Amino acid sequence: MTAVVEVRELRKSYGDTVAVRDVSLTVQRGEIFGIIGPNGAGKTTTVECIEGLRTPDRGQIRVLGLDPGRDHGELRQRMGVQLQDSQLPERLRVGEALRLFSSFYRAPVDWRALMERTKFGKLSGGQRQRLSIALALVGNPEVVVLDELTTGLDPQARRDTWTLIEGVRDRGATIVLVTHFMEEAEWLCDRVAVIDSGRIVALDSPAALAAASDAPQRITFRPAAPLDDALLTALPEVTSLERRRGEVVVTGTGNVVTAVTSALASRGIVAGQLRVEQASLEDAFITLTAQR
Amino acid sequence: MPTASAPARPQALPAGTPEPATLRLAATELTLFIREQIGPIWGLGLPVVLLVIFGSIPSFHHARESLGGQNLLDTYMPVLVALALALLGLSALPSILASYRERGILRRMSTTPIGPQRVLGAQLAIHLGMAIIATALVLGVGRTAYGAALPRQPAMYALVWLLAAVALLALGLLIAAIARAHGWRRASVRPSSSR
C-alpha cells in the first residue's frame, strides 16, 4: 500500500479563528476516504490545503509525493477537484466547458461523449453538480478531491453518482470525499475521518465507527397475540419498551435482538413486520461530535 | 437524459491529439465575450454610433476659430477612441472579472493546470484586441464616410494610444480586484444593466 495523500499536523487559522487545529491523516492508493463533521468543523479548509488552494500555517502535506504549495504545476495535472460552490460563466455551454477543461490536461478522457449544447445558466442544480463532477474527472486524475459531492442531487442521481465514483476508484484512482450525508459515507467510504472543531475525533471504517458508538438498537414489531410488557422489560438487555400505533418498540443493547425474539418464541407470539435498527454511522457521528 | 453524465468508463484519448490549452482558453473566453454582448455593444458599437451621429450633423464639419480652424468632428475623433478604450477597460473588463471571482471561476481554475493567471491574460488580450478593432473602426468609418482627418503622426499616435489602453486596462484590473459587491461596480462604471 502506498500513501497517496499524507497530512501531518495540519494547522490553519483565519485571523483569530482557528479553522483546523491539528489534523493528520493518510489516504492509501485506491481508497475512498471520507471526511465528515459538523458545519464549520474544518473539513473544507483541510481539503483546500490538500488541493493547494490554501497555504497551511503549520504541518506538512504530500499528495502523490508532491507538495501542493510548491509543486502545484505537476500536481494539478494529476489531481481532479470539485469545489463546494464554484460555478461557470452563465453563457458557457456544457460541451464548451468539457472541451476547455479537457484541453488543460495531458491525457484527458474523451469529452465528446458528454457533449451537450445547454448553457450553464440554464442547467438545474443537479445538472450543474453533475457537470462539476464531470469536470473534476475529465483530466483522468490519479487523485480526486470532491467537496460536497451529491449536494443538490435527487436520490436516483445520488445513487448513480456513487456508482460512478466507485467506477473511478476501480480503475485505480484515490478519492477524498467531504460529505455531510452519513449514508453516502457509509455506502462509499473505506475509511472515514470525523472532524470536529478542527481536530480528528475518530478515524476508522464506517462499520467500526458505528459499532464503537455503542448506540442502542431498536426493535419494532407488531405482536400477533396480546403481549405482556413485563415479559420483555424483565430481560436484562432491554432498556425500554413503548407502544406506538399498535407497534411495540423495544430499545436495548448487546444481544437484545436474540433475547427478545427467543422470549417471544417461548410464548408462541409471532412478531409481525419485525424491523431492527442498528447503530449507524449517523449515531456514531452524533455521539462523537456532541461531546465537545 | 443525462446532461453531463460524467464519464462512466473513462478512457484516455489517444496521445498526440492534445489541444493547446492556452489557445482553447482564449477561444472560449472570446466566444463568451461576444456572447455576453456587453463588450461588443458598448466598446465597439457606442463609439461608432456616436461617430455616425456626429458625422451626420452638418455643423460638425464647419471649421471653427475657437478650435484653431479645426472642425468639431476632427476634434471628437480622439474622444471617441478614448471612449472605446474607457468602456472596454473600465466597464467590460472589470464586470467580467468580478463575476468570475464571485462565481468561484478563478478559484476553480487555480485547481487546474491552466491557473488563474492565464484567464486574466486571455481577458486582457481580448480587450486589447477589441480596443484595436474599435479604434480601427472609428478611424476607418470617420475617414471614409465623413472625411475625418487621420492622425498626422501615426507613430506618436500609436504610442499614446498604447499608453492610454494599458492605463485604462490596468485601472479595470484594479477595479475588478477591489470591487466585491455587485452594487459598487454597477454604481461606479457600468454603463448599463446586463443581468
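The values are calculated or read from the model by the stated rules, or taken from the named source; none is laboratory data. These figures come from a predicted structure and were not determined experimentally. Quick reminder, even Gly has a Cβ in these numbers, built from the backbone with ideal geometry, and neighbours come from all protein chains shown.
Looking for something touching a residue at least 60 places away in the same chain (Cβ under 8 Å) and within 22 Å of the chain's Cα centre (by Cα) - is there at least one such residue anywhere in region A:53-63?
So in region A:53-63, the residues touching a residue at least 60 places away in the same chain (Cβ under 8 Å) come out as A:63.
With within 22 Å of the chain's Cα centre (by Cα) added as a condition, the list becomes A:63.
Within region A:53-63, one or more residues are touching a residue at least 60 places away in the same chain (Cβ under 8 Å) and within 22 Å of the chain's Cα centre (by Cα).
Among the residues here, A:Pro206 does not qualify as under 20 Å from A:Val256 (Cβ atoms), surrounded by 16 or more Cβ atoms within 10 Å (Cβ to Cβ) and not aliphatic (A, V, I, L, M).
Could you say which residue among A:Ala185, A:Ala207 is under 10 Å from the mean Cα position of the chain (by Cα) and either away from chain B (no Cβ under 14 Å) or not hydrophobic (A, V, I, L, M, F, W, C) (or both)? If you could, list the steps in order and put the result at the bottom.
On the way: A:Ala207 fails: under 10 Å from the mean Cα position of the chain (by Cα).
Residue meeting the stated conditions: A:Ala185.
Of all residues in region A:70-105, those satisfying the criterion of being at the interface with another protein chain (Cβ under 7 Å from one of its Cβ atoms) and not in a helix (DSSP H, G or I) are A:Val81, A:Leu83, A:Asp85, A:Ser86, A:Gln87, A:Leu88, A:Pro89, A:Arg91, A:Leu92, A:Phe104, A:Tyr105.
Could you say whether any residue in region A:93-105 is buried (at least 18 other Cβ atoms within 10 Å of the Cβ), free of Cβ contacts under 8 Å to residues at least 12 places away in the same chain, among the hydroxyl-bearing types (Ser, Thr, Tyr) and more than 23 Å from A:Leu10 (Cβ to Cβ)? Give the steps one after another, and end with the answer.
Going residue by residue through region A:93-105, those that are buried (at least 18 other Cβ atoms within 10 Å of the Cβ) are A:93-94, A:96-105.
Checking the rest, the ones that are also free of Cβ contacts under 8 Å to residues at least 12 places away in the same chain come to A:96, A:100, A:103.
Subsequent filtering for residues that are among the hydroxyl-bearing types (Ser, Thr, Tyr) retains A:103.
Now restrict to residues that are more than 23 Å from A:Leu10 (Cβ to Cβ): A:103.
Checked against the condition, which is being buried (at least 18 other Cβ atoms within 10 Å of the Cβ), free of Cβ contacts under 8 Å to residues at least 12 places away in the same chain, among the hydroxyl-bearing types (Ser, Thr, Tyr) and more than 23 Å from A:Leu10 (Cβ to Cβ), region A:93-105 yields at least one hit.
On the basis of being within 25 Å of B:Glu36 (Cβ to Cβ), surrounded by fewer than 17 Cβ atoms within 10 Å (Cβ to Cβ) and at pLDDT 85 or above, does A:Glu74 make the cut? Write out each step before concluding.
Values: within 25 Å of B:Glu36 (Cβ to Cβ): no; surrounded by fewer than 17 Cβ atoms within 10 Å (Cβ to Cβ): yes; at pLDDT 85 or above: yes.
Against the criterion (within 25 Å of B:Glu36 (Cβ to Cβ), surrounded by fewer than 17 Cβ atoms within 10 Å (Cβ to Cβ) and at pLDDT 85 or above), A:Glu74 does not qualify.
None of A:Ser24, A:Ser103 is within 25 Å of A:Leu288 (Cα to Cα) and small (Gly, Ala, Ser) except A:Ser24. Looking only at residues of region A:150-175 that are in contact with a Ser or Thr (Cβ under 7 Å, 6 or more places away or on another chain) and either among the small types (Gly, Ala, Ser) or more than 11 Å from chain B (Cβ to nearest Cβ) (or both), we find that the one that is nearest to A:Lys43 (Cα to Cα) is A:Thr150. In region A:131-141 there is no residue matching the filter, namely being away from every other protein chain (no Cβ under 12 Å) and not aliphatic (A, V, I, L, M). Just wondering, is there one or more residues in region A:217-226 that are modelled with pLDDT under 85 and of a type outside the set (Gly, Ala, Ser)? Yes, some residue in region A:217-226 is modelled with pLDDT under 85 and of a type outside the set (Gly, Ala, Ser). Against the definition (away from chain B (no Cβ under 14 Å) and under 22 Å from A:Leu131 (Cα atoms)), how does A:Gly34 come out, yes or no? Criteria met by A:Gly34.
Go through the residues of region A:237-256 one by one and say whether even a single one is assigned by TED's automatic domain parsing to the domain that holds A:Glu166 and among the polar types (S, T, N, Q). Write out each step before concluding.
In the first step, residues of region A:237-256 are kept if they are assigned by TED's automatic domain parsing to the domain that holds A:Glu166; the result is none.
No, region A:237-256 contains no residue that is assigned by TED's automatic domain parsing to the domain that holds A:Glu166 and among the polar types (S, T, N, Q).
Pairing each residue of region B:112-130 that is hydroxyl-bearing (Ser, Thr, Tyr) with any residue that is in a helix (DSSP H, G or I), provided the two are 6+ apart or on different chains, yields C-beta distances under 8 Å for B:Thr112/A:Arg76; B:Thr112/A:Phe101. Against the definition (within 15 Å of B:Val81 (Cα to Cα) and either surrounded by 13 or more Cβ atoms within 10 Å (Cβ to Cβ) or at pLDDT below 95 (or both)), how does B:Ala145 come out, yes or no? Against the criterion (within 15 Å of B:Val81 (Cα to Cα) and either surrounded by 13 or more Cβ atoms within 10 Å (Cβ to Cβ) or at pLDDT below 95 (or both)), B:Ala145 does not qualify.
Just checking: which of the helices (runs of 4 or more DSSP H) contained wholly in region A:163-271 hold 2 or more residues that are in contact (Cβ under 8 Å) with a residue 60 or more places away in the chain?
In region A:163-271, A:182-188, A:206-212 are the helices (runs of 4 or more DSSP H) which contain 2 or more residues that are in contact (Cβ under 8 Å) with a residue 60 or more places away in the chain.
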